[in-house]
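Trainee: This is the structure, below, for whatever I ask next.
The values are calculated or read from the model by the stated rules, or taken from the named source; none is laboratory data. Here the structure is a predicted model, which is why all the values come from computation and not from measurement. A quick note on method: Cβ atoms are made from the backbone with ideal geometry, for glycine too, and the neighbour counts reach across all protein chains shown.
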Ligand code: NAD
């Protein structure tokens, strides 16, 4: 029997009309059935969050600490089960699913701690006898809209700081990954959140998400997803003069210089481009390689790609799971064809694979002799597809790396301190890696990008407070 999961509105599980969620490793496997909220339920969730805000925002830090810590502990204790569910609904490997679940627990633990570390400033005024206090207050009702590719970590890194800083939440997860979203809400609900503080509205983005954007009672929106939807979030938020934060796509460069340690460079490329089936906003989709190491690098990378085990996400041997769904699979294939049409060479992979069960399996693809002008080098593909771009030297590599509308992460593989230092300073990305994959970040430090990848304050770590609080400056004349 498949589970039927409802939405959480004002502390009650509600909803009936359900949509089925399919396992991308085995399309005959129904993960569960999920309630689908409409405009009316979105409105009820927003109203509940608004009503719950005054009490929750004035609750002491200990009340918030208790809930977040309890949730962190339960997520960690259930990491194998939740990680398995994640792998089953999204197609990440078991190890990646469990790793992401552990990450979610660590994030809740971190923000439980943040509730006790809140601080303000007291400074003298320029006017004698006057004191100035600078404090941070909760923003209000926060709308949280998340993508499918990190089904538990992204909701965690938005919901945890929102609650820690005293906001109430209406959470709309991506349609493809409702089980992980439901689980995290169920855990927080049982951890003792008062009714209305956290509301779950699963359903269509164009319906439920749009209803959140259109509501004047949503005081801030934190969004992660595609550039197209991000622009809608921005436009609707400006209309209501609300705070908004956008984390969107990437076309992240990994530069490999002649002096790189070849094994390190190949590890970085393999991991950054293809792990999590390349479905990471931080994936290395452009491998920018100087002439002297180019052929050795491509040969060594192909050799490693040949050994990758591609299969059912729930099989412990699998290193690369399926693509998330049929639409994304077609997009990946279309971009490979576009790259070849534009003159790149398909040096490895790119074909669909048959496995024991029907699923969306694609052999990771490597396009070589690509140029940075090709559509396949400029637009986000969001699959296990990487392009190798040949350059003459470091200066050209840096110029090509920065020649993109995006600016999320970047990386360089080199043994030169001079080039590593110069790259860190001059790369136009929000996160820069030296001798590390462009994907894979810590949870206690800021996360975010520049240019077309991001807008607004950083997420994660202490920097998250910038978005989830508003600053107040109070003056007192004491005589
Ligand atoms: P998407 O934009 O299609 O959907 C994201 C969310 O927006 C979903 O919950 C969706 O239902 C909702 N939505 C859709 N239409 C809406 C509307 N009109 N109003 C309000 N909400 C609406 O993105 P996706 O396909 O789920 O995710 C993939 C994208 O996310 C990629 O571009 C990837 O790079 C990006 N991403 C970015 C980061 C980052 O931190 N920069 C992290 C992960 C993923």
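Trainee: Any residue that is part of a loop (DSSP other than H, G, I, E, B) and over 20 Å from residue 173 (Cβ atoms) - is there at least one of those in segment 44-54?
Mentor: no
Trainee: Does residue 250 satisfy the condition of being near the ligand (Cβ under 7 Å from one of its atoms), in contact with a strand residue (DSSP E or B) (Cβ under 7 Å, 6 or more places away or on another chain) and on the phi < 0 side of the Ramachandran plot?
Mentor: Yes; evaluated as a whole, the condition is true for this residue.
Trainee: Go through (1) away from the ligand (no atom under 16 Å from the Cβ); (2) under 30 Å from residue 440 (Cβ atoms); (3) surrounded by fewer than 24 Cβ atoms within 10 Å (Cβ to Cβ) one by one and return the number of the condition residue 125 breaks.
Mentor: It is condition (2) that residue 125 fails.
Trainee: To continue, here is another question. What is the number of the single condition among (1) out of contact with any strand residue (DSSP E or B) (no Cβ under 9 Å at 6 or more places or on another chain); (2) more than 9 Å from the ligand (Cβ to nearest atom) that residue 202 does not meet?
Mentor: Unmet condition: (1).
Trainee: Tell me which of these residue 260 doesn't satisfy, since it passes every other one: (1) in a loop (DSSP other than H, G, I, E, B); (2) under 25 Å from residue 408 (Cβ atoms); (3) within 14 Å of the ligand (Cβ to nearest atom).
Mentor: All conditions are met except number (3).
Trainee: Can you tell me which residue in segment 358-398 is farthest from the ligand (Cβ to nearest atom), limited to those that are in a strand (DSSP E or B) and closer than 18 Å to residue 280 by Cβ?
Mentor: Going through the qualifying residues, I end up with 366.
Trainee: At least 3 residues that are at pLDDT 95 or above, within 25 Å of residue 24 (Cβ to Cβ) and under 18 Å from the mean Cα position of the chain (by Cα) in each: list the helices (runs of 4 or more DSSP H) lying fully within segment 171-242 that qualify.
Mentor: Filter on segment 171-242 gives 178-190, 227-240.
Trainee: Residue 195 passes all but one of (1) more than 26 Å from residue 85 (Cα to Cα); (2) crowded, with 20+ Cβ neighbours inside 10 Å; which number fails?
Mentor: (2)
Trainee: Return yes or no: is residue 400 in contact with a helix residue (DSSP H, G or I) (Cβ under 6 Å, 6 or more places away or on another chain) and surrounded by fewer than 24 Cβ atoms within 10 Å (Cβ to Cβ)?
Mentor: Taking the combined requirement at face value, the residue does not satisfy it.
Trainee: For residues in segment 162-187 being over 22 Å from residue 137 (Cβ atoms) and in contact with a strand residue (DSSP E or B) (Cβ under 6 Å, 6 or more places away or on another chain), which is nearest to the ligand (Cβ to nearest atom)?
Mentor: Among residues in segment 162-187 that are over 22 Å from residue 137 (Cβ atoms) and in contact with a strand residue (DSSP E or B) (Cβ under 6 Å, 6 or more places away or on another chain), the one nearest to the ligand (Cβ to nearest atom) is 172.
Condition check ((1) under 17 Å from the mean Cα position of the chain (by Cα); (2) on the phi < 0 side of the Ramachandran plot; (3) touching a residue at least 60 places away in the same chain (Cβ under 8 Å)) across all residues:
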{"residue": "105", "(1), (2), (3)": "yes, yes, no"}
{"residue": "114", "(1), (2), (3)": "no, yes, yes"}
{"residue": "120", "(1), (2), (3)": "no, yes, no"}
{"residue": "123", "(1), (2), (3)": "no, yes, no"}
{"residue": "140", "(1), (2), (3)": "no, no, yes"}
{"residue": "144", "(1), (2), (3)": "yes, yes, yes"}
{"residue": "149", "(1), (2), (3)": "yes, yes, yes"}
{"residue": "158", "(1), (2), (3)": "yes, yes, yes"}
{"residue": "166", "(1), (2), (3)": "no, no, yes"}
